[in-house]
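Structure record follows, encoded as structure tokens.
The values are calculated or read from the model by the stated rules, or taken from the named source; none is laboratory data. Just so we're clear, the structure is a prediction, and the values are computed from it rather than from any experiment. Note: ideal-geometry Cβ built from the backbone for every residue, glycine included; neighbour counts use all protein chains shown.
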Amino acid sequence: MLMISMLSMTILTGCSNEHVQANTPSEPIVSHTEKEGTATASYFTRNSSIREVIADPAFGEAGRLLFPVNTSYWSGEKLEQLRLTWYTHIDPDKTVEIVNSLKTRAERGETIFFDIYTEAEKLADPRKRDTGLFFFQGEPGARFAICNAGGGFSYVGAMHDSFPHALELSKQGYHAFALIYRPGAQTACEDLARAIDFVFAHAEEWGINTDGYSLWGGSAGARMAAWVGGYGPMAFGGATSQKAGTVVMQYTGLSEFSADDAPTYVCVGDSDGIANWRTMQRRLQGMAALGIPTEFHVYPGLGHGFGLGTGTVAEGWINDAIRFWENQ
């Protein structure tokens, strides 16, 4: 198993199941915001309590993983007040859309969360209880993506840095997963390798095409995507030999690369005080010189952790990234 080097860790610190039926309103408001032919009920609003969302029976035990389990990294009582350490441009309307989408999917009978470790594995390592895959189902036969939130390998900022991406990918027909992992560079990569194994093991059952799958990530999550995408899942204890067809990275100052790296799309803000955009650009230039397909975007005035970039100059970047993935 590959161990993340102390050099990589130094660079980082310098940068920074079953569905449970819920009691629901008798006449929920319905909004057509997802794939054609589906609808999302508006159970929650911007003024809904975050604690109320976590405790909603529709989410079962997974409700506590919707927001960081380490509560010191987030604040806010209502959905519109959510704040996450190191993140900017958190869109409260997107937060509301995500929790409503997940609840609606659960109410339709879709499984929205999967444990990736057995009970015996969780007994051996209790931190594995705080892991799993949230599933945003796409069209039958579509390819899949795993989205990895950042959080400095100290926590998992999924509500801003992976759930929005997974939801948007599912709207465009792809199967998308958001990984909740154990903080720490090594354990995070091991969890991502296990998640890839899990999807491959159930791909036929779920109607998922595993060819050319993609790994997405922001900040620390981007490092996970790059490392597992480049070295492959088996390097981190996984059983899957097939490597990712594309890696999509946001705002991380990773500099290392090799000829084994996957085709890579990158976007970052030029005012990011944690991940220098020139470091990301130089890495992609080096990869391109090795013949690896790359695409780089830097957005003026944006700082660290802009997520989907809603309401900023970066809004719509995810569509460029999807096109890049499709071209591979």
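Quick look at the values:
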{"read-out": "Some residue of segment 199-214 being more than 17 Å from Lys243 (Cα to Cα) and buried (at least 17 other Cβ atoms within 10 Å of the Cβ)", "value": "no"}
{"read-out": "Residue in segment 108-115 that is of a type in the set (Lys, Arg), outside any loop (DSSP other than H, G, I, E, B) and over 13 Å from the mean Cα position of the chain (by Cα) present", "value": "no"}
{"read-out": "Tally, over segment 227-276, of residues that are assigned to a loop (DSSP other than H, G, I, E, B) and farther than 14 Å from Tyr213 by Cβ", "value": "20"}
{"read-out": "Helices (runs of 4 or more DSSP H) within segment 117-175 that include 2 or more residues modelled with pLDDT of 95 or more and buried (at least 24 other Cβ atoms within 10 Å of the Cβ)", "value": "158-161, 163-171"}
{"read-out": "Lone qualifier among Ile11, Ile98 - being modelled with pLDDT under 95, part of a helix (DSSP H, G or I) and within 25 Å of Leu302 (Cα to Cα)", "value": "Ile11"}
{"read-out": "Answer residue from segment 70-84, given it is modelled with pLDDT of 95 or more and not in a helix (DSSP H, G or I) and is surrounded by the most Cβ atoms within 10 Å (Cβ to Cβ) among those", "value": "Leu84"}
{"read-out": "Odd one out for Ser75 among (1) more than 28 Å from Trp206 (Cα to Cα); (2) out of contact with any Lys or Arg (no Cβ under 6 Å at 6 or more places or on another chain); (3) hydroxyl-bearing (Ser, Thr, Tyr)", "value": "(2)"}
